[in-house]
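Only one structure is covered here, and it is reproduced in the block below.
Since every read-out is calculated from the coordinates, none of them should be taken as a lab result. For clarity, every value in this text was computed on a predicted model and none was experimentally measured. All Cβ positions, glycine included, derive from the backbone under ideal geometry; neighbour counts span all protein chains shown.
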Amino acid sequence: MQQFPSPIDSLAHTRVTECYQCGKCTAGCPVAERMDRPPNQLMRLVQLGLQERAMESEAIWLCVACQTCSARCPKSVDCAGVMDALRELSASAKTSADQSARKSVPAPAQRRTVIFQKAFLQNIRRNGRINELELVGEFKIRGFLGDLSVPLLMKDALLAPRLAQHGKLHLVGERVRDRGVVGRIFQRCMEG
Amino acid sequence: MEFGYYPGCALHGSSNDYQASVGACMKALGVGLRELDDWICCGASAAHSINHKLSQALPARNLALAERDGLGELLAPCPMCSMELIKAAQAMRDDAALGREMSEIVELPVSGRTSVLNLIQVFQKVGLDAIRVAIKPDSAERVGGYKAACYYGCLLTRPPKLLQFDDPEQPGSMEEILGAIGVTTVDWNFKTECCGAGMTMANEETVLDLGHKILANAAAHGANCVVVACPMCHVNLDMKQAAVEARHGVRLDMPIYYLSDLVGLALGIEPRALGIDRHFAGKR
């Protein structure tokens, strides 16, 4: 069994220490220009054991998980996997006592993305499949109440008739028959 | 020829045009699709961002269903689904202990032996010669006017080591299929740049800016349509195109087709049966 030097490495099954800062991840990243810290700087922070600072950056929530960085890394560091690991640790830290230790309030991009992804998973947990209307509703309401500049109704209300007109609006979502097993899978993975 | 079929949530939701297109094409080519019974969501990017184990278990449940029902090859037309399924299958093949753990979690034995295919791979298995034979004599009238920019996005070719499909920087498999049905394709720069994928809801500005770059580059290289094989690429480039135009003050009016739309048209299928009437952009 390989020994990984940091929790990020073991979660992402990669070796961030291999990174020699060529910057190819950042050069190919489609959203690097929007990030407070570009991917190569995040890799450096993790190398130095400063993953807390990497977890606090808004950048990990702007990452679109396109995998370009990992595909191009000459040292085969799974940079996109590291981003996943940072998000997973950051999202779970927010629900625990670690939150009080965090200096800064999470950025809107982070809160929007986490709210969306949690609503997405809740939706699967309930139905086994995504019910788009329910998901959009839940995300919008939570985002709006959380004042995350998520417009509650206007834009979507304007789009709904067009979706319906194009035969793309489903008022009744699908549910799988065996929802019991879906619930148990979630329980075993998230609470087990 | 028959394949197992994992539609995924998008194709049963607002990407029902893709479902219609894939279904009609396969029927015309004599390919049977057996939908996986009681399939569940693959977890998509939410699962792999929030809980690693869940991002393996949700695909593993579907792979277990495929193994139970004897479906050796599974078409997943959504690249997010196919990538998540392939990733979980590979992880279980690499680590038998993980396979045993997943079998307990998903309550069915699973080993990861299923071969998961994207839409392009299924067309390749049907064979370009068989497609050439199947297209209608008047296909040039139907599709000969298209100059297509083939857009692969992220997850058809990435991560390359895992997917082992086409060239991750300069893919050409869609161009080959379109070439076989008489569609001209253009060389352009943004074949594998990301459209923002599942960030449509959480981070719309990013998606609109990435979409603008992709669509403007396709137009600059003489394309009169963009061809995709992904429901998220289609949402971001088609449904969001009016918002891209408004945000960037441009007029694009670029039709976005699924690969199966153009193949279907060449096979003599009516646009309505392919779901093309449900598209938003390129109708002015």
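Kindly identify segment B:155-260 as rounded, prolate or oblate by the Cα gyration tensor criterion: order the square roots of the eigenvalues as a ≥ b ≥ c, call it rounded if a/c is under 1.5, otherwise compare a/b with b/c, prolate if a/b is larger, else oblate. All intermediate terms of the calculation are to be shown ahead of the outcome.
On the way: a/c = 1.99, a/b = 1.28, b/c = 1.56.
Here segment B:155-260 falls in the oblate category.
Calculate one ³J(HN,Hα) per residue across segment B:218-229 by plugging θ = phi - 60° into the Karplus curve 6.51 cos²θ - 1.76 cosθ + 1.60, and present them in order as whole Hz with x for glycine and proline.
4, 5, 5, 9, x, 6, 10, 6, 10, 10, 10, 9
If a paramagnetic tag sat 7 Å from the Cα of residue B:187 along the Cα-Cβ line, which residues of segment B:209-246 would have the backbone N under 16 Å from that point?
Counting backbone N atoms under 16 Å from the label point, the list is B:218, B:220-223.
Taking chain B as a Gaussian network, where each spring joins two C-alpha atoms under 10 Å apart, which residue of B:189, B:203, B:224 fluctuates the most?
Of B:189, B:203, B:224, the Gaussian network model singles out B:203 as fluctuating most.
Evaluate the Debye formula for chain B with equal point scatterers sitting on the alpha carbons, no solvent, and hand back log10 of I(q)/I(0) at q = 0.07, 0.08, 0.12 Å⁻¹, in q order, two decimals.
With one equal scatterer per Cα and no solvent, log10 I(q)/I(0) is -0.25, -0.32, -0.73.
Anyone know which of B:65, B:117, B:74 comes out most mobile in the 10 Å Cα GNM of chain B?
It is B:65.
What's the local net charge at residue A:30, with K and R +1, D and E -1, over the other residues with C-beta under 11 Å away? Provide the component values of the computation, followed by the final result.
Details: positive: A:34, B:213; negative: A:33, B:193, B:209.
Net of charged neighbours comes to -1.
For segment B:56-102, just the Cα atoms, rotate onto the principal axes and tell me the three extents in Å, largest first.
If we take the Cα atoms of segment B:56-102, the spans are 29, 22, 16 Å.
What value in Å³ per residue do you get for the convex hull of the alpha-carbon atoms in segment B:28-133?
Values: hull volume 10.4 nm³, N = 106.
Given the Cα convex hull of segment B:28-133, per-residue volume reads 99 Å³.
On a 0 to 90° scale, report how tilted helix B:96-106 is relative to the longest principal axis of chain B, with both axes built from alpha carbons and the result rounded to the nearest 10.
80 degrees
Which residues' amide hydrogens lie under 5 Å from the amide hydrogen of residue B:34, considering only partners 5 or more residues apart or on another chain, with H built in the peptide plane?
B:3, B:4, B:5
Could you check which residue among B:106, B:263, B:228 shows the biggest mean-square fluctuation in a GNM of chain B with a 10 Å Cα cutoff?
Its mean-square fluctuation being the largest, the pick is B:106.
Given only helices, namely DSSP H runs of n ≥ 4 each adding -39500 (n - 2.57), what is the per-residue ellipticity at 222 nm of chain B, to the nearest 500 deg cm²/dmol?
Value at 222 nm, helices only, nearest 500: -13500 deg cm²/dmol.
Skipping prolines and chain starts, which residues have an amide H placed within reach, meaning under 5 Å, of the one on residue B:258, given they are 5 or more residues away or on another chain?
B:228
Normalised radius of gyration for segment B:153-202, please: alpha carbon Rg relative to 2.2 N^0.38 Å, two decimal places.
Values: Rg = 12.8 Å, N = 50, 2.2 N^0.38 = 9.7 Å.
Rg over 2.2 N^0.38 Å, computed on Cα atoms: 1.31.
Could you list log10 I(q)/I(0) for the protein assembly as shown at q = 0.06, 0.10, 0.11 Å⁻¹, which the Debye formula gives when each Cα is one point scatterer?
For the protein assembly as shown at q = 0.06, 0.10, 0.11 Å⁻¹, log10 I(q)/I(0) is -0.25, -0.73, -0.90.
From the alpha carbon gyration tensor of segment B:21-61, can you work out the equivalent ellipsoid semi-axes (sqrt of 5 times each eigenvalue) and give them in Å, largest to smallest?
Semi-axes (√(5λ), whole Å): 30, 11, 6.
Count the net charge of all other residues whose Cβ sits under 12 Å from the Cβ of residue A:62, scoring Lys and Arg as +1 and Asp and Glu as -1. Each step should come with its number before you reach the end.
Working: positive: A:34, A:37, A:87, A:112; negative: A:33, A:36, A:58, B:205, B:209.
Result for the local shell: -1.
³J(HN,Hα) across segment B:268-284 via Karplus (A = 6.51, B = -1.76, C = 1.60, θ = phi - 60°), whole Hz, x for Gly/Pro?
Values, residue by residue: x, 7, 5, x, 5, 5, 8, x, 5, 5, 8, 6, 9, 8, x, 10, 7 Hz.
Which shape class applies to segment B:112-213: rounded if a/c is under 1.5, otherwise prolate when a/b exceeds b/c and oblate if not, where a ≥ b ≥ c are the square roots of the Cα gyration tensor eigenvalues?
Oblate is the answer for segment B:112-213, as a/c is 1.5 or above yet b/c matches or exceeds a/b.
List the relative contact order of chain B as a percent without decimals, with contacts defined as Cα pairs under 8 Å and 6+ residues apart. Don't skip to the end; give the middle numbers.
On the way: 516 pairs, mean separation 57.7, N = 284.
Relative contact order comes out at 20 percent.
Let me check I've understood the local charge: for residue B:59, count other residues with C-beta under 10 angstrom from its C-beta, Lys and Arg +1, Asp and Glu -1. What total comes out? Walk me through the intermediate numbers first.
Numbers: positive: B:61, B:87; negative: B:84.
That sum, taken over residues with Cβ under 10 Å, equals +1.
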